[in-house]
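K.L.:
One structure follows; several queries about it will come next.
The values are calculated or read from the model by the stated rules, or taken from the named source; none is laboratory data. Just so we're clear, the structure is a prediction, and the values are computed from it rather than from any experiment. Heads up, the Cβs are rebuilt from the backbone with ideal geometry, glycines too, and the neighbour counts pull from every protein chain shown.
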Amino acid sequence: MINKTVNNVQDALQGIENGMTIMLGGFGLCGIPENSIAELVKKETKDLTCISNNAGVDDFGLGLLLQKRQIKKMISSYVGENAEFERQMLSGELEVDLIPQGTLAERCRAAQAGIPAFFTPAGYGTEVAEGKEAREFNGKMHIMEHAFKADFAIVKAWKGDEAGNLIFKGTARNFNPCMAGAAKITIAEVEELLPAGSLDPNEIHIPGILVNRIFQGVKYEKRIEQRTVRKIF
Amino acid sequence: MALDKNQIAQRIAQELKHNYYVNLGIGIPTLVANYIPEGIDVEFQSENGVLGMGPFPFEGDEDADLINAGKQTITTLPGASFFDSAFSFGMIRGQHVDLTILGAMEVSENGDIANWKIPGKMVKGMGGAMDLVASAENIIVAMMHINKAGESKILKRCTLPLTGVGCVKKVVTELAVMEITPKGFKLLERAPGVTVEHIIASTEANLIIEGEIPEMIIG
């Protein structure tokens, strides 16, 4: 067994420097690496390029890094829930690259899987296609998209083991499995870190080969963005 | 009478077929789930990574790890499954989802759709909309026929930045059901009590009108 455990979030985030490109898992506030984001705020790492589907809300998730102006550029598909984000974007303080969600996911997966580029129909004929190679396959137009290049990927899983194997829960899975192994170094924070052998190999979603460092996070807040309930008639 | 949002959803629900996998967008499309016709089994896909989405949870049962693409808390039904985002969009691009229902700000007579950006005003991002419209075989748009300023949103050419080109098949508004044909919008049905003349006056694009146009049947 190759042991991937590190003692804490500080050790996990060793080597993250100003100006780096970081992938962060999560969809909205669901499945985000809360401990690592809090530590990045504490470390005051600046000029980050963040690849993440969303940008958090004003006072949680990546919104915490935006508040402290630690993000230079965001690469996301949807950023609608964050007033501070909007302010920084409109004032030009923040560079923003909005890309289709499936393209974002596939650019992560391509990086993970060693595929330098791929063709997708998403965005053809729109401003997303500007400057990109277009090609027809089977009578339909596609545009070429490239794999991401990132320094660190930070993912959040439900359970993990010392070997770096990961299991996700519900829709907190989202971008996390796509980002594991898609950067030079992958950090996984998990709610429960178990000894190797505790997880059934049949049930593992992401094998430890894609994870460089794993640690057990603390005090997950798991904030709900849109609490929606059924009425009892 | 023009339809309200629930009635638009009710009319669109009539397009659901037995054993369809369906992706519902945010807004009016979400309401379609409330009107699944009797005897029809469908499974809802949410692009953040779930198939077999159920109704909202009862108070106290909300799970932060279980949400839909609108970030609302949800439940799952028997037979449900979870998957990652790349897989989810693979399922969409691979045309395994039978029907996509989404909202729009503008639709044009060649099937173009604009629903993600108003330059200088609203720049929130396209989310999964561009992947969905570029990939889905069958797209129905739920939208309002005219905007708050009284201007038509059913156009010869979209004025807003596009989400996708030549992809919309059918549009259901508060006034009408229209099909997009190679020759443009064809009026299929009108809202109860709404005249063909009123629909023509509310539509900037040309409308193909053949014979009597029946009223929609709602409820």
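K.L.:
Residue by residue through the range B:113-131, note down the ones that are outside any strand (DSSP E or B) and either more than 8 Å from chain A (Cβ to nearest Cβ) or hydroxyl-bearing (Ser, Thr, Tyr) (or both).
P.N.:
Listed by number, the residues that qualify are B:115, B:116, B:119, B:120, B:121.
K.L.:
Report whether or not residue B:144 is more than 14 Å from chain A (Cβ to nearest Cβ), in contact (Cβ under 8 Å) with a residue 24 or more places away in the chain and not in a strand (DSSP E or B).
P.N.:
It is true that residue B:144 is more than 14 Å from chain A (Cβ to nearest Cβ), in contact (Cβ under 8 Å) with a residue 24 or more places away in the chain and not in a strand (DSSP E or B).
K.L.:
Conditions first: (1) crowded, with 18+ Cβ neighbours inside 10 Å; (2) within 14 Å of chain A (Cβ to nearest Cβ); (3) modelled with pLDDT under 95; (4) in contact with a strand residue (DSSP E or B) (Cβ under 7 Å, 6 or more places away or on another chain). Residue B:32 passes all but one, so which condition is the exception?
P.N.:
All conditions are met except number (2).
K.L.:
Considering the range A:66-100 alone, what residues qualify as being assigned to a loop (DSSP other than H, G, I, E, B), modelled with pLDDT of 95 or more and farther than 30 Å from residue A:125 by Cβ?
P.N.:
Within the range A:66-100, A:68, A:69, A:70 meet the criteria.
K.L.:
Turning to a different aspect of this structure: If I ask for residues that are surrounded by fewer than 19 Cβ atoms within 10 Å (Cβ to Cβ) and part of a strand (DSSP E or B), which ones from the range A:138-147 would you list?
P.N.:
A:140, A:141, A:144, A:146
K.L.:
Among the residues of the range B:3-14 satisfying the criterion of being touching a helix residue (DSSP H, G or I) at 6+ places or on another chain (Cβ under 9 Å) and assigned to a loop (DSSP other than H, G, I, E, B), which is nearest to residue B:79 (Cα to Cα)?
P.N.:
If we take residues in the range B:3-14 being touching a helix residue (DSSP H, G or I) at 6+ places or on another chain (Cβ under 9 Å) and assigned to a loop (DSSP other than H, G, I, E, B), then B:14 is nearest to residue B:79 (Cα to Cα).
K.L.:
Anything in the range B:81-99 that is of a type outside the set (Asp, Glu), at the interface with chain A (Cβ under 10 Å from one of its Cβ atoms) and more than 20 Å from the chain's Cα centre (by Cα)? List them, or say none.
P.N.:
Across the range B:81-99, the qualifying residues are B:82, B:83, B:85, B:86, B:87, B:90.
K.L.:
Within the range A:192-233, count every residue that is of a type in the set (Gly, Ala, Ser) and surrounded by 14 or more Cβ atoms within 10 Å (Cβ to Cβ).
P.N.:
3
K.L.:
Answer with yes or no whether residue A:54 is assigned to a loop (DSSP other than H, G, I, E, B) and under 14 Å from the mean Cα position of the chain (by Cα).
P.N.:
Spelling it out, residue A:54 is indeed assigned to a loop (DSSP other than H, G, I, E, B) and under 14 Å from the mean Cα position of the chain (by Cα).
K.L.:
Of the residues B:58, B:44, only one is closer than 26 Å to residue B:89 by Cα, of a type in the set (A, V, I, L, M, F, W, C) and free of Cβ contacts under 8 Å to residues at least 24 places away in the same chain; which?
P.N.:
B:44
Quick grid of which residues meet (1) among the small types (Gly, Ala, Ser); (2) in contact (Cβ under 8 Å) with a residue 24 or more places away in the chain:
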| residue | (1), (2) |
| --- | --- |
| A:65 | no, yes |
| A:70 | no, yes |
| A:77 | yes, yes |
| A:87 | no, no |
| A:102 | yes, no |
| A:137 | no, no |
| A:150 | yes, yes |
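K.L.:
Can you tell me which residue is nearest to residue B:81 (Cα to Cα) among those in the range B:41-56 that are modelled with pLDDT of 95 or more and in a loop (DSSP other than H, G, I, E, B)?
P.N.:
B:49
K.L.:
Filter the range A:117-137 down to residues that are in contact with a strand residue (DSSP E or B) (Cβ under 8 Å, 6 or more places away or on another chain), part of a loop (DSSP other than H, G, I, E, B) and away from every other protein chain (no Cβ under 12 Å), then give me how many there are.
P.N.:
The qualifying residues number 2.
K.L.:
Are any residues in the range A:148-180 facing another protein chain (nearest Cβ under 7 Å), surrounded by fewer than 24 Cβ atoms within 10 Å (Cβ to Cβ) and either in contact with a Cys (Cβ under 7 Å, 6 or more places away or on another chain) or on the phi < 0 side of the Ramachandran plot (or both), and if so, which ones?
P.N.:
A:169
K.L.:
Same structure, new question: Of the numbered conditions (1) more than 27 Å from residue A:191 (Cα to Cα); (2) touching a helix residue (DSSP H, G or I) at 6+ places or on another chain (Cβ under 9 Å), residue A:137 satisfies every one except a single condition; which is it?
P.N.:
In the conditions (1) more than 27 Å from residue A:191 (Cα to Cα); (2) touching a helix residue (DSSP H, G or I) at 6+ places or on another chain (Cβ under 9 Å), residue A:137 misses (2) alone.
K.L.:
Any residue in the range A:187-194 that is under 30 Å from residue B:55 (Cβ atoms), at pLDDT 95 or above and within 18 Å of the chain's Cα centre (by Cα)?
P.N.:
Yes, the conditions are met somewhere in the range A:187-194.
K.L.:
In the range B:35-72, which residue that is small (Gly, Ala, Ser) and crowded, with 23+ Cβ neighbours inside 10 Å is nearest to residue A:226 (Cα to Cα)?
P.N.:
In this case the residue turns out to be B:69.
K.L.:
Can you tell me which residue among B:187, B:160 is in a loop (DSSP other than H, G, I, E, B), of a type outside the set (Asp, Glu) and touching a residue at least 12 places away in the same chain (Cβ under 8 Å)?
P.N.:
Answer to the check: B:160.
K.L.:
Still on this structure, I have one more. Picking from B:212, B:197, B:204, which residue would you name as being farther than 22 Å from residue B:7 by Cβ and either surrounded by fewer than 19 Cβ atoms within 10 Å (Cβ to Cβ) or among the polar types (S, T, N, Q) (or both)?
P.N.:
Matching residue, one of B:212, B:197, B:204: B:204.
K.L.:
Checking residue B:67 against (1) within 11 Å of chain A (Cβ to nearest Cβ); (2) under 18 Å from the mean Cα position of the chain (by Cα); (3) free of Cβ contacts under 8 Å to residues at least 60 places away in the same chain: exactly one of these is not met. Which one?
P.N.:
For residue B:67, the exception is condition (2).
K.L.:
Separate question: Can you give me the number of residues within the range B:30-63 that are within 15 Å of the chain's Cα centre (by Cα) and aromatic (Phe, Trp, Tyr)?
P.N.:
Adding up the residues that qualify gives 2.
K.L.:
Filter the range B:158-173 down to residues that are of a type in the set (Val, Ile, Thr) and more than 9 Å from every other protein chain (Cβ to nearest Cβ) and give me whichever is nearest to residue B:123 (Cα to Cα).
P.N.:
Applying the filter and picking the extreme gives B:159.
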